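Chemist: Below is a structure I'd like to ask you about.
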Amino acid sequence: MTMKRRELLLSGAGAAAGVVAAGFPASAQTAPGGIKWDREADVVVIGSGATGLPAAIVAREAGSSVILVEAQPHTGGHAICSGGNVPLGGGTSYQKKWGIKDSPDLVFQDLTDWSVVEPNGFPDYRFNDREVIRAFADNCAATYEFLVAHGVVFVDKAPDKIGGSSVGNSVPREMHAAPMDWPLIQTGKPAAPEKRTTMSTGNGLMHPLAAAAKKAGVEILLNHKMTSIHRAAPFSGPVLGIAADNDGKVVNIRAHKAVIVGTGGSTNNINFRRMFDPRLTEEYCGVAGQPWSNQDASGELAGMAIGASLWGLFNNTGEFGSGITKPGTVGGQYGYVNLRWYPGSEVFDKARAIGLHVGDWQNLVLVNMIGKRFYDETARQFTSANYGSIDPYIPHNFRNGQNLKFNPNGFLDAALAGIGDGHNGGGPIWAIFDSAGVEREQWDPKPPYVDYDAGFCFTADTIEDLAKKIVMKYQRVPMPPENLAATIARYNSFVDSGVDEDFGKPKPLHKIAKPPFYAGWATPVLHDTRAGLRINAKCQVVDMNGEVIPGLYCGGESAGGFSLHGLARATCQGFIAGTHATAEERKA
Ligand SMILES: Cc1cc2nc3c(=O)[nH]c(=O)nc-3n(C[C@H](O)[C@H](O)[C@H](O)COP(=O)(O)OP(=O)(O)OC[C@H]3O[C@@H](n4cnc5c(N)ncnc54)[C@H](O)[C@@H]3O)c2cc1C
């Protein structure tokens, strides 16, 4: 097929080809579209996370040559940072071993149950795309068997509901990937011997899959960031391959069969995420899974640039699950509750602090950018529907909502509300604590636990001086010292009276009174994406006219239509995408 000059200039293909022509070896092949291809394979996979690695392995083992490009200098994506809690059901051999009866139909019924709502009224499953869920339900058990066959070891205990988020009410499905002897990316060392078969971590999922991909002959190109997808014409014709950036050089990789997008969502693209929620401005810089890998919406943007549609957008806006979370640690940029970076980790120089893990929120108060409290500090984040969370549960029945007590938890909404000055975003949230709190929590508020240098922690001998010291990138307006002093004095009076008259914190226990005082970063953390490119049952990407884009597949957080937290959705869609991509006819 020959591209006309005008089409070539309009498409990403033409632009990238021009750059390559200037700087790449003459031996590079010239494809029909006029692009100088530097590399070629049957299937090109973008991203080495929970979607990309299974997709690459499936395609390679079915006989396709596979190149996988990964933007980072290491594999694993957010998946390797994860808790490794994997809710794959539908009648797995694992479920059978523990006497749990499940089926594809039950998975489908659970994940499309319109009647399931959270105590704040938000529905977990109502807006799921039935075609996408049916495909997941039908491939769920096979994906589990695939993972085990490729070296993943699950903790030997009955499936439960620990670590899940919107995984269905009928039966327990959550399994836990054991780290075995693999090094943990958080520390650089293997887990303690007694925990290697009992703890749950994404290391236990992703190290074996990376090893399996290499063993199968998948060629993994690290430090290759996909920058565009080549299509025959801007909005028509088949996908031809991709352009990737490798240390400033453009590398064009031809895909004879298909390209699979597994780039992992949009949590760290400020403008993209604000399409879903205008409040998510730049101060939400503590994205979970960073700085290991970056969710910058590059897969979605590259797909949209050649005509792909976005899909199921409510799922990324609904207030359930862990899309936005309360931090679990304070004093460092990356405060996600279950992920800490230690010296020894490959990325500790970027993370800069371990953070102070909060055992009891009675030991601190939370204030906004202008030094005012906004909610009961002990309140939690949004909930989600998992096995047992609705009792009694009657599938697809209005009583599920009727039996629920409306009880919205507004902690995150209050934190994101802002200071009433016409700006979006809630601004920084600071944990204010004193040295008595430090003793009770047994904290060591010094590096490497906290990050003074980059302005995520401050200390002073008086409350007023502490407020004056809070100067950092995201502190848009100075914190008035008199505000913070008044807030702490009022809070201390609540400790005396035993009643939090402002926010109903259950019996405030401890005064903030013993210097030195501290302010630690405690701004909500963005966690995962539940909307992206429109896909069909085969994980083929669909355009704005409802037509399949030939040769383009997507799965995981970059795909839309599916409200389910993380790993099961991503691994299963990788499995589906790899299966169908490899079955495509090879283009000449
Ligand atoms: C701290 C944490 C804990 C979690 N715990 C759980 C849990 O217990 N259970 C659960 O189900 N889910 C969990 N999740 C969510 C789960 O890890 C993710 O939903 C899942 O990894 C998403 O898979 P993915 O393939 O879409 O993206 P990822 O796994 O993030 O992989 C995307 C990959 O693509 C690469 N990439 C991105 N852009 C490009 C580009 N332009 N070119 C080349 N490469 C690119 C990235 O570097 C990355 O390696 C957790 C997430 C985090 C951060």
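Chemist: Which residues, taken from the stretch 62-89, are more than 9 Å from the ligand (Cβ to nearest atom) and of a type in the set (V, I, T)?
Modeler: Keep residues of the stretch 62-89 that are more than 9 Å from the ligand (Cβ to nearest atom), which gives 62-67, 73, 88-89.
Listed by number, the residues that qualify are V66, I67.
Chemist: Specify the residue that is surrounded by the fewest Cβ atoms within 10 Å (Cβ to Cβ); the eligible residues are those in the stretch 257-286 that are among the small types (G, A, S) and touching a strand residue (DSSP E or B) at 6+ places or on another chain (Cβ under 8 Å). Step through it out loud before you land on a result.
Modeler: Going residue by residue through the stretch 257-286, those that are among the small types (G, A, S) are 258, 262, 264-266, 286.
Retained after the next criterion (residues that are touching a strand residue (DSSP E or B) at 6+ places or on another chain (Cβ under 8 Å)): 258, 262, 265-266, 286.
Details: A258: 29, G262: 34, G265: 33, S266: 28, G286: 23.
By that ranking, first place goes to G286.
Chemist: Quick one: which strands (runs of 3 or more DSSP E) sit completely within the stretch 29-114 and have at least 3 residues that are in contact (Cβ under 8 Å) with a residue 60 or more places away in the chain and on the phi > 0 side of the Ramachandran plot?
Modeler: Numbers: elements: 39-46, 66-69, 85-87.
Because the criterion is at least 3 residues that are in contact (Cβ under 8 Å) with a residue 60 or more places away in the chain and on the phi > 0 side of the Ramachandran plot, no strands (runs of 3 or more DSSP E) in the stretch 29-114 meet it.
Chemist: Moving to a separate point now. Hey, can you tell me all the residues within the stretch 224-236 that are touching a strand residue (DSSP E or B) at 6+ places or on another chain (Cβ under 6 Å) and closer than 22 Å to A588 by Cβ? Give the derivation first.
Modeler: Quick first cut of the stretch 224-236, residues touching a strand residue (DSSP E or B) at 6+ places or on another chain (Cβ under 6 Å) only: 224-232.
Within the stretch 224-236, I229, H230, R231, A232 meet the criteria.
Chemist: Being modelled with pLDDT of 95 or more, of a type in the set (K, R) and surrounded by fewer than 16 Cβ atoms within 10 Å (Cβ to Cβ), is that true of even one residue in the stretch 162-183?
Modeler: Checked the stretch 162-183: no residue is modelled with pLDDT of 95 or more, of a type in the set (K, R) and surrounded by fewer than 16 Cβ atoms within 10 Å (Cβ to Cβ).
Chemist: So which of P392, P408 ends up being more than 30 Å from the chain's Cα centre (by Cα) and of a type outside the set (A, V, I, L, M)? Break it down stepwise before answering.
Modeler: Working: P408 fails: more than 30 Å from the chain's Cα centre (by Cα).
Only one candidate passes the filter, namely P392.
Yes/no per residue for (1) at pLDDT 95 or above; (2) within 30 Å of T523 (Cβ to Cβ); (3) surrounded by fewer than 24 Cβ atoms within 10 Å (Cβ to Cβ):
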residue	(1), (2), (3)
T198	yes, no, yes
A211	yes, no, yes
L222	yes, no, yes
K225	yes, yes, yes
V250	yes, no, yes
A297	yes, yes, no
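Chemist: So which residues in the stretch 187-213 are part of a loop (DSSP other than H, G, I, E, B) and more than 19 Å from I162 (Cβ to Cβ), if there are any at all?
Modeler: Restricting attention to the stretch 187-213, the residues satisfying the condition of being part of a loop (DSSP other than H, G, I, E, B) are 187-189, 191-192, 196-202.
Once the filter is applied, which keeps residues that are part of a loop (DSSP other than H, G, I, E, B) and more than 19 Å from I162 (Cβ to Cβ), the stretch 187-213 yields T187, G188, K189, A192.
Chemist: Right, next: Looking at A211, A243, A216, which one is out of contact with any Leu (no Cβ under 8 Å at 6 or more places or on another chain), more than 14 Å from the ligand (Cβ to nearest atom), farther than 18 Å from S65 by Cβ and hydrophobic (A, V, I, L, M, F, W, C)?
Modeler: Numbers: A243 fails: more than 14 Å from the ligand (Cβ to nearest atom); A216 fails: farther than 18 Å from S65 by Cβ.
After ruling out the rest, the residue left standing is A211.
Chemist: Please determine whether any residue of the stretch 544-555 is assigned to a loop (DSSP other than H, G, I, E, B), more than 14 Å from the ligand (Cβ to nearest atom), over 19 Å from the mean Cα position of the chain (by Cα) and among the charged types (D, E, K, R). I'd like the intermediate steps shown before the answer.
Modeler: Step one: filter the stretch 544-555 for residues assigned to a loop (DSSP other than H, G, I, E, B), giving 544-547, 555.
Now drop any that are not more than 14 Å from the ligand (Cβ to nearest atom), which leaves 544-547.
Adding the requirement that they be over 19 Å from the mean Cα position of the chain (by Cα) leaves 544-547.
Those left that are additionally among the charged types (D, E, K, R): 547.
For the stretch 544-555, residues assigned to a loop (DSSP other than H, G, I, E, B), more than 14 Å from the ligand (Cβ to nearest atom), over 19 Å from the mean Cα position of the chain (by Cα) and among the charged types (D, E, K, R): present.
Chemist: Hey, can you tell me all the residues within the stretch 329-339 that are more than 10 Å from the ligand (Cβ to nearest atom), part of a loop (DSSP other than H, G, I, E, B) and farther than 22 Å from I270 by Cα? Working first, answer last.
Modeler: The first filter runs over the stretch 329-339 and keeps only residues more than 10 Å from the ligand (Cβ to nearest atom), leaving 329-333, 335.
The next check asks that each one be part of a loop (DSSP other than H, G, I, E, B); those that pass are 331-333, 335.
Matches in the stretch 329-339: G331 only.
Chemist: Now, a different point. Could you say which residue among G168, G163 is out of contact with any helix residue (DSSP H, G or I) (no Cβ under 8 Å at 6 or more places or on another chain) and in a loop (DSSP other than H, G, I, E, B)?
Modeler: Going through G168, G163 in turn, the sole match is G163.
The values are calculated or read from the model by the stated rules, or taken from the named source; none is laboratory data. This is a predicted model, so every value here is computed, not measured. In this analysis, Cβ positions are derived from the backbone assuming ideal geometry, glycine residues included, and neighbour counts consider all displayed protein chains.
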